[in-house]
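Below: one structure, written as structure tokens.
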Amino acid sequence: MTSGFFLMSDVGRFKVSVSSAYIDVVISMDEDAAEKPTVSVQSCDAGVGGMELVFHGGASWLYNVISPIIVEVLKTQLGEMMCESVDTTLGGWMGKAPAAC
């Protein structure tokens, strides 16, 4: 009995180039009830202006056909990761858990 699906194995490599990365962060500085300084991220917008993804070897011709879709997903994820990193870093400096961006 066959399920209609097949398993595929492939080997290859890829090259990714990123250009025009940006990050725009608004930080609020205040003090708590004990007059200790507090810092929080009010807003964060980050992203990548350009990204090129090229696969080599194996079925690279197939992967390169769908690489524009992969690039858009990677650009979105990279922007989110940059904002999360800022929030985590500020939380670490202030000795508290990071807030959600």
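Subtracting the Cα-Cα distance of W61 and V39 from their residue separation scaled by 0.36 nm leaves 3.1 nm. Rolling a 1.4 Å probe over the protein chains gives D32 an accessible area of about 60 Å². Compared with the direct C-alpha span, the chain from R13 to E31 gains 1.4 nm at full extension, assuming 0.36 nm per residue. Using a Gaussian network for the chain with springs between C-alpha atoms less than 10 Å apart, which of these wobbles most: A34, A59, A21? Result for the chain, Cα springs under 10 Å: A34 fluctuates most. Across the accessible surface of the chain, with the other protein chains kept in place and a 1.4 Å probe, carbon and sulfur atoms take up 60 percent.
Segment 46-91 gives an Rg/Rh value of 1.17, both radii derived from C-alpha positions and Rh following Kirkwood.
The values are calculated or read from the model by the stated rules, or taken from the named source; none is laboratory data. This one's a predicted model, so the numbers in the text were calculated from it and none came from an experiment. Heavy atoms of the whole protein, side chains included, go into the accessibility calculation; ligands, DNA and RNA do not. Shrake-Rupley method; radii C 1.70, N 1.55, O 1.52, S 1.80 Å.
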